[in-house]
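Everything below concerns the one structure shown next.
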Amino acid sequence: MRFFDLLSLIFYNLGRRKGRVALTAVGVVIGTASVVLLVALASGLQRNATRQFAGIGDLTIINVFPKFEAGPVMEASVNGKIVGGSGQPSTNKILNNQAIEEISALEGVAQVIPRDSLHYPGRLKVGKLENYAYVFAVAVPDTSILGYELAAGSSKLERGTAIIGEAAARNWNDPNWRPGQPQPEAPDILNKQVRFILTRWTQDGTTVEKSVSLRIVGLFKERRGETDYAMVVNMDDLTQWNEWGDGKRINRNKTGYEQLMVKAADTRNVTTLADTITNLGYQASTLQEYVEGINNLYTIIQIVFGGIGAISLLVAAIGIANTMTMAILERTREIGLMKAIGATNRNVMSIFLGEAAGIGLIGGMGGVALAWGLAQVVNVLAAGYLATQAAQMGADSAGQATYIAPWLPVFALVFSTVVGLLSGLYPALRAATMIPVLALKYE
Amino acid sequence: MDQAAFVITQNLRKTFVMGRTRVHALAGVDVTILEKSFTVIMGPSGSGKSTLLYLLGGLDRPTSGTIIVNGQDLNTLDENALAVYRRNTVGFVFQQFNLVSSMTALENVAFPLRFGGVAAGLRSKRAKELLEQVGLAKHMRHRPVEMSGGQQQRVAIARALVNNPALILADEPTGNLDTVTGYSIMQQLAELHAGGRTVVVVTHDPRMLRFATNTMYLLDGQCVSREEYEASSRVPEAG
C-alpha cells in the first residue's frame, strides 16, 4: 500500500466519524494546551529571571581574583608565633602582568581588564554636601566594553575624570543636617568639576586629607548592579591615590591587581573559560554561572509543569484508546472485508494506528492553537504587573509572563501524535490480528 | 477438453471449539475443483459449505488437511503471503455484499487495488470498466444505501474482479435477493465462468445448478453423493 494512499484512507476514515473524532480530540486539545501553556509559563518565568540577571551585568565578563587559601578565621598567638588567621592570597598567583598575559593567551578571551579599588576613604564634595560613593578603577579607556550602560554623558575615562552611578549621584548628605530639616537636594554634577577628598591616617592617628579635582563625565544607568552606587575612575589616578595613602610606590608585578575582568568573546564560552581560569590557579566567578543555575532550576520547573500538563494528556490518551476500541468493534466486518480483499495485517494495523495518531495530531494542533491564545491572554493580564516589576528591577522593558519557544509547538504536536499512536497500539493490534472469517461474520 | 485441477483438498478438517463443545464443521473433505469450472456446492445449513469456501479463500486456516490452489499449498503461507493470495488469486462475493457504506460504488470497487499499491488514476479507470461491465455505469457515484440489493451485489462482483483473480468464491450470492434479481446475479457469475474463470458458488438455490459444470453436496462436514444428499432432505413418511 502506498504511503499517500494510507494517509488518504486514514483521513477518509477520520472524516467518516467527525463527531466522535472531534469529541475525542477535545481531550487531546486540553491535554496539549495544558502542557504547552504550563511549559510556556515556566519558560516565561525563566526568561524574566534571566533578563533580570542580564540587567545586572555583562554575561560575558568573568571576574578573576587571586586564589585564597582556606584557613582558620581566628588568629592566635602560641609561644609567640602567630597561627591561623583568615585566608590569605596565594603568593605565587597574584594578578600581575604575567597573569594578564597568561589569561589573555587563552582561547576565547577577548580582553583582560585590570581593576582595583581605592584603599582609603574618599568623598565627593559639592558645597556642603558630601557623597561617599564606592570608588574603583578599571584599566580601560572606555567603560562601555564592560557592559556598563550609561544614562547620560560619556563612557570614556581619562585622567581627572569619573563616571558615577545614578543611585550614587542622588545619594548626597549634609554633615550638618539635623532631624526635621528637609533632605538636601542632589546637585547636578554631570560635566561638572567636583572636589574629591581622600583621607588617610598617619601612624600617630593624625588625619591627613588630599583634595583632587574630578570632572564627572558620565552617569551609569541604574541596573541593580555594583555600578549603581559606585564611581569609576581612571586606573592611573587610583594608583596615584593609593600610593599617596600607602606612602610608597605600587609595584604591580609584586602586588598585582585586586581583580581582573576577563571579557569572553562569546557568552557560550564563559563557563568553560571560567573553569580553565580556575584550573590555572585563580578564582573565577561569572554571572553566567548564576544564570545557568537559574536556567537549570527553571528547566526542572518546566519538566514538572509539563509533567502536570501531561497528566491531562494521559486522560486524553485513554479517550483515544476507548474511541479506537469502539471503532474496531463497529468496523469489525469492514476489517474482515479489508483482509478478504487483500489487506495484510500490517496494512490494517497501519490504518488504525494512523487514525489514532491522526486524532492525536488534530488534538495537538487544536491544543497548540488554544495554548497560544491563552498565552496571549495571560500576557495581557500580567503585563501591568511585569511592567512594575521591570521598573523596580531596572530592566529595559517588561518581559512576558509566558514564552512559547519555537520548539514547543513542534514538540507538542509530535508528543500528542505519539500519545495518539501509543493509545491506538492495542486496538490496532487487535484489529490486525483478527481472523478474517470471524471478523466477516461478526454481528 | 481436459481440465487441470485448480483446487485440491485432502482430508480437510475444521473443528470449532465453543466452550466445551467441539463442532466438526468439516470432517475430512477431499475435493478437486477443475480449472475454469463452475462448481456449485450445496448442502443444508451447518453442513460446512461456507466453511469450506472460506478455507479455499484463505480467510481461515484448517484444523488439519491440505488445500492446494493453483499448485500452492495454503498451509505453507504465512499471514502476509495469505493476504497476497487473497488479493491476487481470489475474488469474494458475499451474501451480505459487504460494501463499505460510506464509499461510492466506484470507491468500493477500487478499494482492493489500494492494498496492491495501484495508482489512484489506474484504480479509478479499472473500477469504471468493471462497473460498466456489470451494468452500473450510471451508479458509480452512488453509495450502497442508494442502490438496490441486486445493484449492490453487482458492485460486489465488480469488486471481486478488480484484481483479475483466477478464482471467484461466492457465498450465497443470491441469498439476500429476490428471485428475479438473484437469477440475474447467477447469470453474471456464469458470464465470469464463460470468461475463463474458476467459479465456486455456495448456495441453497437449486436454480444455480443449471449453470454448474460440477456440483458438490456436503452433509455434516463431509462430501456425499447427490442421492445421499437428496435422501437427507426428504421428509420421512409418517409411519
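The values are calculated or read from the model by the stated rules, or taken from the named source; none is laboratory data. From a predicted model like this one, the values you see are computed outputs, not experimental measurements. Positions of Cβ are generated from backbone atoms using ideal geometry, with glycine treated the same way; all protein chains shown enter the neighbour counts. Only protein heavy atoms, including side chains, enter the accessible area calculation; ligands, DNA and RNA are left aside. Shrake-Rupley method; radii C 1.70, N 1.55, O 1.52, S 1.80 Å.
Side notes on the structure shown:
- Computed over protein heavy atoms with a 1.4 Å probe, the accessible surface of region A:316-443 works out to 44 Å² per residue.
- Placing +1 on the Cβ of every Lys and Arg and -1 on the Cβ of every Asp and Glu, with nothing else charged, gives chain A a dipole about its Cα centre of roughly 1320 debye.
- Of B:LYS14/B:LYS49; A:LYS210/A:LYS248; A:LYS18/A:LYS441; A:LYS156/A:LYS221; A:LYS339/B:LYS14; A:LYS125/A:LYS192, pairs whose Cα-Cα distance is over 23 Å: A:LYS18/A:LYS441
- Length released on extending from A:VAL410 to A:LYS192, taking residue separation times 0.36 nm less the Cα-Cα span: 72.8 nm
- Whole-number D in µm²/s for region B:18-92 (Stokes-Einstein; Kirkwood sum over Cα pairs; 25 °C, 0.890 mPa s): 179
- B:MET147 accessible area, 1.4 Å probe, all protein chains in place, Å² to nearest 10: 20
- Selection from A:LEU157, A:LEU214, A:ILE197, by position along the positive dipole direction of chain A (Cβ): A:LEU157
- Distance between region B:42-104 and region A:116-153 - C-alpha centres, whole angstrom: 95
- In plain terms, if you count all Cα to Cα distances in region B:165-239 and split them into 5 Å steps from zero, the share in each step is 3, 13, 23, 21, 16, 14, 5, 2, 1, 1, 0 percent.
- Between region A:417-435 and region B:192-214, the Cα center-to-center distance that results, in Å: 41
- Förster radius 35 Å - calculated FRET efficiency between B:ALA120 and B:ALA166, Cβ distance, rounded to 0.05: 0.85
- Residues of region B:69-89 buried by at least 10 Å² on assembly (accessible area, 1.4 Å probe, chain alone as reference): B:GLU79, B:ASN80, B:ALA83, B:ARG86, B:ARG87
- Chains A and B together bury some 2300 Å² of accessible area, summed over both sides, with a 1.4 Å probe.
- Per-residue SASA entry for B:PHE16, accessible area with 1.4 Å probe, Å² rounded to 10: 60
- Stretched out straight at 0.36 nm per residue, the stretch from A:ASP142 to A:ILE303 would grow longer than its current Cα-Cα span by 53.6 nm.
- Rg/Rh for the protein assembly as shown, where both radii come from Cα atoms and Rh is the Kirkwood radius: 1.35
- Gain on full extension, evaluated as 0.36 nm per residue between A:VAL26 and A:VAL315 minus their Cα-Cα distance, stands at 102.9 nm.
- Projected label distance in nm at A:GLN240 and A:PHE68, using a 7 Å step from Cα toward the beta-carbon: 3.2
- Partner lysines for B:LYS138 [C-alpha distance under 23 Å; skip if fewer than 8 residues away on the same chain]: B:LYS125, B:LYS128
- Chain-alone versus full-assembly comparison, region A:320-346, residues with accessible loss of at least 50 Å² (1.4 Å probe): A:ARG333, A:LEU337, A:ALA340, A:ILE341, A:GLY342, A:THR344
- Measure of compaction for region A:307-443 (Cα Rg per 2.2 N^0.38 Å): 1.55
- Residues A:THR388 and A:THR255, FRET efficiency given R0 of 60 Å [Cβ-Cβ distance, rounded to 0.05]: 0.80
- Mean shadow area of region B:1-127, taken as a quarter of the surface of its Cα convex hull (nm²): 10.5
- Relative contact order %, chain A, counting alpha carbon pairs below 8 Å whose residues are six or more apart: 29
- The accessible-area ordering, largest first, of the residues B:GLU79, B:GLU191 stands as B:GLU191, B:GLU79, per a 1.4 angstrom probe.
- Percent accessible area from carbon and sulfur atoms, the protein assembly as shown, protein chains only, probe 1.4 Å: 56
- Whole-angstrom Cα spans of chain B along principal axes, big to small: 61, 48, 44
- Taking the DSSP bridge list for chain A and keeping only pairs wholly inside it, about 85 percent are antiparallel.
- Each principal axis of the Cα cloud of region A:250-391 was evaluated for its coordinate range; sorted largest first, these ranges are 97, 42, 23 Å.
- In this view, the solvent-accessible surface of A:LEU314, computed with a 1.4 Å probe and all protein chains in place, comes to about 110 Å².
- Once the C-beta distance of B:GLU129 and B:SER102 is scaled by a Förster radius of 22 Å, the resulting FRET efficiency is 0.40 to the nearest 0.05.
- Calculated on C-alpha atoms, the gyration radius of region B:100-185 divided by its Kirkwood radius gives an Rg/Rh of 0.96.
- Accessible surface, 1.4 Å probe, highest first, among residues A:VAL138, B:VAL23: B:VAL23, A:VAL138
- In the context of the full set of protein chains, residues of chain B present 45 Å² of accessible surface per residue (probe radius 1.4 Å, heavy atoms only).
- Heavy-atom accessible area with a 1.4 Å probe sorts A:ILE311, A:ILE351, B:ILE8, largest first, into A:ILE311, B:ILE8, A:ILE351.
- Pair A:LEU7, B:ASN75: separation of 7 Å Cα→Cβ label points (nm): 4.5
- Delta accessible area of at least 50 Å² on complex formation, residues of region B:106-122, 1.4 Å probe, chain isolated as reference: B:PHE111, B:ARG114, B:PHE115
- Compared with the dominant principal axis of the Cα atoms in chain A, helix A:3-16 is inclined by about 80°.
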